[in-house]
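Encoded as structure tokens, the structure appears first; notes follow it.
The numbers here are math on the coordinates, done by the rules we state, and not lab data. Computed from a prediction, not measured in an experiment: that's the story for all the values here. Cβ placement follows ideal geometry from the backbone for every residue including glycine, while neighbour counts extend to all protein chains displayed.
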Amino acid sequence: MPDVVADGLSVLFCGINPGLMTAATGHHFARPGNRFWPALHRSGFTPRQLLPSQQRELLSYGLGITNVVARATARADELSAEEYREGGRLLTLKVTRLRPRWLAVVGVTAYRAAFDDRGARVGPQARTIGDTRVWVLPNPSGLNAHWTPATLAQEFARLREAAAT
């Protein structure tokens, strides 16, 4: 799954791993029902709701997308603890090279596993990677019923406001 990245982004969003539809289409967050693209728009990151096939347009807004783990699976719970740890190591190298202002990991469970931070909560983290600040966002999967579309967009908006300062 190719990353959508450039040097010096404002925010680099980081999904858990590609789902099967994402892997098949080559577009991040491609599964119908995933709320990433609507949350991105409703929070003010993009002026209109992008389709997954328009993902490269994110670069014009200073945004990008990568994943913690590259391997596609039907469900994130198919990933091993070692895959998460190795993904966190590789993500650290990528962030060090690209130097985004913010890394936004989409999914608190993935962040905890990748960075061995069992106490992490949604929101800004104390951890930095070089000068890059880290924010954990809720998983936008439609299966994550704890977060409604409105509260998901509110959390994305908190990050957008922090990234604007």
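Scanning residues 5 or more positions from ARG31 or on other chains, those with amide H under 5 Å from its amide H are THR22, with H placed 1.01 Å from N in the peptide plane. For the range 48-121, the list of trypsin sites (Lys or Arg not before Pro) that fall in a loop by DSSP and count at most 13 other C-beta atoms within 10 angstrom reads ARG48, ARG75, ARG118, ARG121.
Positive-end ranking of LEU90, PHE45, VAL5 along the dipole of the chain, with charges on Cβ about the Cα centre, is headed by PHE45. The separation of the range 67-141 from the range 1-35, counted between C-alpha centres, amounts to 13 Å. Give the calculated FRET efficiency between GLN154 and LEU59 to the nearest 0.05, with a Förster radius of 25 Å applied to their Cβ-Cβ distance. It comes out at approximately 0.50. Amide H contacts of VAL134 (H built 1.01 Å from N, in plane; Pro and chain starts excluded): LEU103, GLN125 sit under 5 Å, all sequence-distant by 5 or more or on other chains. Here the spin labels are modelled as points 7 Å beyond Cα on the Cα-Cβ line, and at ARG121 and GLU86 they lie 3.4 nm apart.
Each label was represented as a point 7 Å from its Cα along the Cα-to-Cβ direction; for ARG99 and ARG48 these points are 3.4 nm apart.
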